[in-house]
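Read the structure below first, then the notes.
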Number of protein chains: 2
Amino acid sequence: MDKTNFTNQKNTSLSHQLIKVGRLINERGLDSVRDVFNLPELKQSHLDLFPHIDFEGTSISEISKRKGVSKQSVSKLVKEMTHIKILSIKTDPEDSRSKIVFFKTSGFYSIQKGLEELVAIDRLISDHLGNKAYNSTLENISGLIDFFQTDNRK
Amino acid sequence: MDKTNFTNQKNTSLSHQLIKVGRLINERGLDSVRDVFNLPELKQSHLDLFPHIDFEGTSISEISKRKGVSKQSVSKLVKEMTHIKILSIKTDPEDSRSKIVFFKTSGFYSIQKGLEELVAIDRLISDHLGNKAYNSTLENISGLIDFFQTDNRK
DNA sequence: TTTTATAGTCAACCATGGTTTACTAACTCC
DNA sequence: GGAGTTAGTAAACCATGGTTGACTATAAAA
């Protein structure tokens, strides 16, 4: 296999393309949310917490379990996120040790705006692909994720 | 949008899944190359240099230009990669300042091996999806990459 | 031939995203 | 009510993947 084939291989294999598209979307999402929130300080690690925080609120321990990192780490990130005013915290009325973390639901920095942005990227994708291709691709990719997440290493 | 919708959105949107699958494949690829090369010390940053090194060799400056990082950084990584015997170095006969970096072409550490590994993951994917779905997904994803790489931010 | 630009290295430093250890406060089980 | 467990925090530390500044050696331009 010569250099040209090598290059082609790298550019057209699905695995390579999936790595690439994942990075591009991620980058776009972060930029986009930073933009709408007007929060250039928003970090990747903050965004990574989003999917683990429920709308009605989630405790720090629960977030750390879901994400698979230490609660110390989550605690720190949550603190930063409250400082930049995208999260609020209240003490769990049922357990005063526990802090319930939730997205701000009103005001300029309301999560809806950020969420809309994330959704907008998905809409961009779906506009580009069309509904049929969007759905079949989603199905295929979800299948791949399951596949890679089950233990099937040689 | 209630909690359920929110959760579903995050868990099933194509953008979210593409980010996820990209990470999984990347991780799998690194593990796999480490495994085949028997090089547990191989870092992500080493692997990231691969596409920028030509078969006939490439200078450190050139690699750094291609990758868009400082030559100091590349210099360090190249040094590490020679220590673990992935790369060799010779002085450019045309310019004694310049060092030509190239993959060891014999033994275990050839670029072909690395390629085979990437291809193996791709074969896993294609086995899982089937040929038709593989090709349509590849087409869709490649289209998305083009789309995201052209400047279409609002 | 002197000046300027380039190739590479080294060391100091930095941001990111974690971990571990040690601790306090509160809940739960007995 | 005391023992053990859990929620959260704080501080020290760590790996990764960079950057910047200072330096040497060589090449190229004037």
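None of the figures in this text is laboratory data; all of them are computed from the coordinates on show. Source: prediction; values computed, not measured.
Computed on segment B:18-149, with alpha-carbon pairs under 8 angstrom and 6+ residues apart, the relative contact order is 21 percent.
If one computes the Cα centroid of segment A:11-63 and of segment B:46-86, what distance in Å separates the two points? Segment A:11-63 and segment B:46-86 have Cα centres separated by 29 Å.
For each pair in A:Lys79/B:Lys43; A:Lys76/B:Lys79; A:Lys43/B:Lys71; B:Lys67/B:Lys104; A:Lys43/A:Lys104; A:Lys43/B:Lys79, compute the distance between the two Cα atoms and list the pairs where it is over 25 Å.
Values: A:Lys79/B:Lys43 32 Å; A:Lys76/B:Lys79 36 Å; A:Lys43/B:Lys71 27 Å; B:Lys67/B:Lys104 21 Å; A:Lys43/A:Lys104 18 Å; A:Lys43/B:Lys79 31 Å.
From A:Lys79/B:Lys43; A:Lys76/B:Lys79; A:Lys43/B:Lys71; B:Lys67/B:Lys104; A:Lys43/A:Lys104; A:Lys43/B:Lys79, over 25 Å: A:Lys79/B:Lys43; A:Lys76/B:Lys79; A:Lys43/B:Lys71; A:Lys43/B:Lys79.
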